[in-house]
C-alpha cells in the first residue's frame, strides 16, 4: 500500500476550547467537527450561545465549531452529517465551504422529528463530533453558451425518473 501524503490546511482556533479537527480513524474521508457554541438562524443580534441547545422537532440552529480554516488552493470543504448522529437525533444540512472563506465554520443542525418527537438537547463542548468536513478538489469550468446539448438515453429524466421505470409499478 502506498503512503498518502497529507496536504497542509491552516486552522485558526477562534473559541475557547477549540481543537484542531481530526480524522477518527485511518482512511476516514471526513475530519470531525465539534460543537462549541450555537445561535438561532434568525437572531438579529447574532448572539453565540454556549448553554445547552434544545431543539424541538422541525427546529434548526447554527452550530459553531470554534475553528476557521484556510483551504488548500483548488479545494472546497463539504460539511456533512455523521451517520450515527443522523440515526440517533440530529441531522446536519450539507453545506459547502469555499476556498476564500475565512470565518468560523458553522454547521446547520436540524431536529427532523418523526422517529422521536421529543426535544433533543446538545451540549456545546461536551458532545461527540457533531459533523464532519470532507476536503475535495474543485473542477473549475468555463460555461459556454450552446443551442443544443448532446443527446443521452436519460435525456431530461430526473427526480424519480429511475423509479418510474420500476417494473413493480413504484412511482
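Which condition does residue 132 not pass, out of (1) surrounded by fewer than 18 Cβ atoms within 10 Å (Cβ to Cβ); (2) at pLDDT 95 or above, if it passes all the others?
Tallying (1) surrounded by fewer than 18 Cβ atoms within 10 Å (Cβ to Cβ); (2) at pLDDT 95 or above, residue 132 fails exactly one: (1).
Is there a residue being farther than 21 Å from residue 128 by Cβ and free of Cβ contacts under 8 Å to residues at least 24 places away in the same chain anywhere in segment 70-87? Please lay out each step first, then the result.
Taking segment 70-87 and keeping what is farther than 21 Å from residue 128 by Cβ, we get 70-76.
Add one more test, that the residue is free of Cβ contacts under 8 Å to residues at least 24 places away in the same chain, and what stays is none.
No: zero hits.
I need the strands (runs of 3 or more DSSP E) fully contained in segment 1-46, keeping only those with at least 2 residues that are under 24 Å from residue 100 (Cβ atoms), within 21 Å of the chain's Cα centre (by Cα) and in contact (Cβ under 8 Å) with a residue 40 or more places away in the chain. Walk me through it before giving the result.
On the way: elements: 10-13, 31-33, 37-39.
Strands (runs of 3 or more DSSP E) meeting the threshold: 10-13, 31-33.
Return the residue satisfying two criteria in turn: it lies in segment 56-99 and is closer than 21 Å to residue 15 by Cβ and at pLDDT below 95, and of such residues it is surrounded by the most Cβ atoms within 10 Å (Cβ to Cβ). I'd like the intermediate steps shown before the answer.
Keep residues of segment 56-99 that are closer than 21 Å to residue 15 by Cβ, which gives 60-71, 77, 79, 82, 85, 90, 92, 95, 97.
Right, trim to at pLDDT below 95 and you get 82, 85, 90.
Working: 82: 19, 85: 19, 90: 24.
Among them, the one singled out is 90.
Out of all the residues in segment 133-149, which are touching a strand residue (DSSP E or B) at 6+ places or on another chain (Cβ under 9 Å) and either part of a loop (DSSP other than H, G, I, E, B) or more than 19 Å from residue 21 (Cβ to Cβ) (or both)? Give the steps one after another, and end with the answer.
The initial filter retains those residues of segment 133-149 that are touching a strand residue (DSSP E or B) at 6+ places or on another chain (Cβ under 9 Å), namely 133-138.
Once the filter is applied, which keeps residues that are touching a strand residue (DSSP E or B) at 6+ places or on another chain (Cβ under 9 Å) and either part of a loop (DSSP other than H, G, I, E, B) or more than 19 Å from residue 21 (Cβ to Cβ) (or both), segment 133-149 yields only 138.
The values are calculated or read from the model by the stated rules, or taken from the named source; none is laboratory data. Since the model is a prediction, treat every value here as computed from it, not as a measurement. Note that we place each Cβ from the backbone using ideal geometry, even for glycine, and neighbour counts take in every protein chain shown.
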